[in-house]
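Below is one structure, written out as structure tokens, with a few remarks after it.
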Amino acid sequence: MHADVLFPINAEAFTYIVPEELESKIKPGQRVLAPFKRGSKVGIVTGFGGDKLKGKEIKLRSLKSILDEEPLIPGNLLKLIKWAGQYYMSTSGLALKNALLSAFFTGRKPGKARVTYDETIKESKEFALTQEQRMALTEINKPENGVFLVHGVTGSGKTEIYIKAIKALPDDKKAIVLVPEIAITAQMVDRFRSRFGDEVVFYHSGLSTGERMTQWQKMRNGEVKAVIGVRSAVFAPFENIGLIVIDEEQESSYKQFEGLRYSARDVALARAKLEGIKIILGSATPSLEAFYSAENGKIRYLELKQRVERRPLPQVEIIDMTMEDKQTFSFSNKLIDSVRETISGNKQSLIMLNRRGYSPFPICTDCGYTYKCPACSITLIYHKDTKTLNCHYCGSHLVQQALCPQCKGTGIKYLGAGTQRVEEDLHTLIPELSFTRMDRDTTRKKLSHYRIVKQMEEKKIDVLLGTQMVAKGHDFPDVTLSAVVSADITLNMPDFRSAERAFQLFTQLAGRAGRGDFPGRALIQTYEPEHYVFDYVRYHDYKGFYKKEIAQRKELFYPPFSKLIRIILSFKTRETAKKTVKDISGRIKRIDHKGIEILGPAPAPIEKIRNLWRWHLILKGKNSRALRRTASLVLEKIRGVRNIKIDIDVDPINLL
Ligand code: ADP
Ligand code: ZN
């Protein structure tokens, strides 16, 4: 008897002999210990077909032992892992590595780690559903399966729909709820826990390994009804699943940017299809792809036009910074006055600047010296709290010196603003204000998101300031003001999706205001008030924006009209890059790429990251199968080339 064993490495399954005494015990999905090179490795049994044997004479080795009595990974999940490896033009092994915690491959047994939730659960009441909520639920609860787009304005009660749809599942069916940010899970978890108690678990990287192993086991044993998690929870080991919910489906954080570059939304769609179940995509600002599918009848469209209790959407005002007197680096008079007014009315504010650190552009005004990351073609960002210059790409940093490294002068100035500077300005302008900063730097510790959200909920602070983390999902009834300090950062990303991102982010942020009994407003500061995005943000006009943007996508033949595969080529030196790329161009020319455009190879917009010089090829085509076929042909040509690292990004969401 032979068994195929998959390891969490970039490869397909390996075949082993099953020793006779194990034959009756071995099952797919179990962990086994197998000899590997000179040592041994833990892997997962995927089948008994002897995948690698066909027509080959290979000397097989025997498995050493079986580590689980019952399979750790159910069969449906094994299928999904295989699908992901293929779809992303990667390997099943790499997909497995993403699906299962690495601790399981050390042979460690899940313990009894207690999962800590903070403090008490806020009692949340049951409501009479709005008519729009009821209509959406009626559609969702019909017996037919399918994909639903729940397009509901901010505050229209989408979460309530998710909860009710899960409650409507038969007793033995489980649900997966994906949210884009750990910051959001805090409130979601509270809301779900108040309705499902211990029947719901949460699963994300903010938990310890032991905790995550415990959660995995609970899901595996069918002890819980639902899981709420970020990206990797799409691989939850439920055997009998009935519903998947993707909240804020348009979020780019569902996409992984390294290794297996999967999109949790798309893997979820594939999982729903494989399992023959329903899936809900929820959003106030759907991705163009999702809305386009709905428009073309490929998925079901359910709309919630009204906020619950007919609360008004916030008034949005665009502040033209070229016309404003500024009080400090970041604040217009208007914005700071509005923050003051809000506090005096005993209400709260959210202030967003989508860049962390203090100054994105430190420069010596004497000699013009600017700080570049030694490993990346990226300007370093000054972080005042640590007095370091940080690279936001590779994570390395330099310690800041008082004098300019080039001219040894004292002319260093810190231009531009990040969240730390906004924090400082806010403190200068309103010394008595109590506020917290939420960005990646302040939320590294476990449960820190949760604590910050609690501070807001319990009104211990007047203002929550931060990066896009503050814009999404939160439901704070006393927030009546939300503000963007600089819209320009988001608008000026050099990417075909930047307008879409900007529209979504500003609309999301605006939507945090006025969710309780008091109306809200949103202020957006920009140096480019004539940008077309604002015409639609101002009126919460998703459909208007969609119409404008989809026409451009069509003209440029970008998704959803085409599909993209990006192949990133990395080299150790600029010279090898140039030489090798020339060779590659020659090889690729000969490919018969019917109907598929091949752009490049050209230097990537960020030419160097982590000491690797990056070039890319972008393949564009209408027909997904033809596109993948061409990509394989290109890869075949490149794979023989030396001194090159190849990354494949299927459905890339940025081209940097
Ligand atoms: P969305 O996700 O669409 O932005 P939420 O689901 O967060 O909206 O709901 C907004 C607020 O309204 C929440 O505080 C929620 O508890 C409340 N809510 C939801 N449905 C109703 C309803 N039918 N009646 C009254 N309040 C509701
Ligand atoms: Zn760097």
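3J(HN,Hα) along segment 594-607, derived from phi through the Karplus expression 6.51 cos²θ - 1.76 cosθ + 1.60 where θ = phi - 60°, amounts to 2, x, 9, 7, 10, 9, x, x, 9, x, 5, x, 9, 6 Hz, with x in place of Gly and Pro.
Within segment 399-491, the trypsin sites (Lys or Arg not before Pro) that combine a DSSP coil assignment with at most 16 other C-beta atoms in a 10 angstrom radius are LYS408, ARG440, ARG444, LYS445, LYS446, LYS459, LYS460. Under 5 Å between amide hydrogens, built in the peptide plane, is the criterion, and for LEU67 it picks out ARG31, VAL32, LEU33 among residues at least 5 positions away or on other chains. Split the accessible area of the chain by element, probe 1.4 Å, and carbon with sulfur accounts for 51%. Taking the centroid of alpha carbons for each part, segment 524-570 and segment 436-514 are 21 Å apart.
Distances between every pair of Cα atoms in segment 317-398, grouped in 10 Å steps from 0 to the bin holding the largest one, split as 15, 32, 28, 21, 4 percent. Sequence-ordered 3J(HN,Hα) estimates for segment 464-475 from the Karplus curve with 6.51, -1.76 and 1.60 and θ = phi - 60° stand at 10, 10, x, 7, 3, 3, 7, 7, 10, x, 4, 10 Hz, glycine and proline given as x. Volume of the convex hull of segment 175-266 (Cα atoms only), normalised per residue: 100 Å³. Can you tally the net charge around GLN250? Count Lys and Arg as +1, Asp and Glu as -1, for every other residue whose Cβ sits under 14 Å from the Cβ of GLN250. Net of charged neighbours comes to -4. Of GLY511, ILE638, LEU617, which is farthest on the positive side of the dipole of the chain, counting Cα position, with +1 on Lys and Arg Cβ, -1 on Asp and Glu Cβ, and the Cα centre as origin? Result: ILE638.
Answer with one residue from SER90, LEU269, ILE299: the one whose Cα lies farthest towards the positive end of the charge dipole of the chain, charges on Cβ with Lys, Arg +1 and Asp, Glu -1. Positive-most Cα among the choices belongs to SER90. When you restrict to C-alpha pairs under 8 Å that are six or more residues apart and normalise by the size of segment 2-105, the relative contact order lands at 36 percent. Summing +1 for each Lys or Arg and -1 for each Asp or Glu among the other residues whose beta-carbon sits under 12 angstrom from that of VAL200 gives +3.
Note that segment 131-308 carries a Kirkwood radius of 16.2 Å, evaluated over its alpha carbons pair by pair.
The candidates GLU324, GLU249, GLU555, GLU258, arranged from most to least accessible area with a 1.4 Å probe in the full protein assembly, appear as GLU555, GLU258, GLU324, GLU249. Distance between the C-alpha centers of segment 623-650 and segment 172-248? Whole Å please. Each part's Cα centre sits 36 Å from the other's. Across all C-alpha atoms in segment 239-339, the radius of gyration and Dmax reach 20.2, 60 Å. Per residue, the chain exposes 44 Å² of accessible surface when a 1.4 Å probe is rolled over the protein heavy atoms with every protein chain present. Descending by average beta-carbon neighbour count within 10 Å, the peptides 362-371, 381-390, 30-39 line up as 381-390, 362-371, 30-39, the highest first. Per-residue 3J(HN,Hα) values for segment 450-455, derived from phi via the Karplus relation 6.51 cos²θ - 1.76 cosθ + 1.60 with θ = phi - 60°, read 4, 5, 5, 4, 4, 4 Hz in sequence order (x marks Gly and Pro). What the Cα atoms of segment 563-650 give is an Rg and a Dmax of 12.4, 36 Å.
Per-residue SASA remark: HIS593, around 70 Å² accessible (1.4 Å probe; ligands, DNA and RNA not included). Averaging the sequence gap over all C-alpha pairs within less than 8 Å and six or more residues apart, then dividing by the number of residues, gives the chain a relative contact order of 12 percent.
Let me spell out the model: positive unit charges on the Cβ of Lys and Arg, negative unit charges on the Cβ of Asp and Glu, origin at the Cα centre of segment 131-308. What dipole size does that give, in debye rounded to 20?
The calculated dipole for segment 131-308 is roughly 180 debye.
The residues neighbouring GLU160, those whose beta-carbon lies less than 10 Å from its own, together hold a net charge of +3 under the Lys/Arg +1, Asp/Glu -1 convention. Expressed in Å, the radius of gyration and Dmax of the Cα atoms of the chain are 26.1, 82. For segment 1-99, the alpha-carbon radius of gyration amounts to 1.01 times the rule-of-thumb value 2.2 N^0.38 Å expected for a compact globular protein.
Of the trypsin sites (Lys or Arg not before Pro) in segment 570-601, the ones in a loop by DSSP (not H, G, I, E or B) with at most 13 other beta carbons within 10 Å are LYS572, ARG590, LYS594. With coordinates expressed along the principal axes, the C-alpha atoms belonging to segment 487-577 extend over 62, 29, 26 Å, beginning with the largest.
The values are calculated or read from the model by the stated rules, or taken from the named source; none is laboratory data. Just so we're clear, the structure is a prediction, and the values are computed from it rather than from any experiment. Cβ sites come from the backbone with ideal geometry, for glycine too, and all protein chains shown count toward neighbours. Each accessible area value is taken on the protein alone, full model and side chains, heavy atoms only, with ligands, DNA and RNA left out. Shrake-Rupley method; radii C 1.70, N 1.55, O 1.52, S 1.80 Å.
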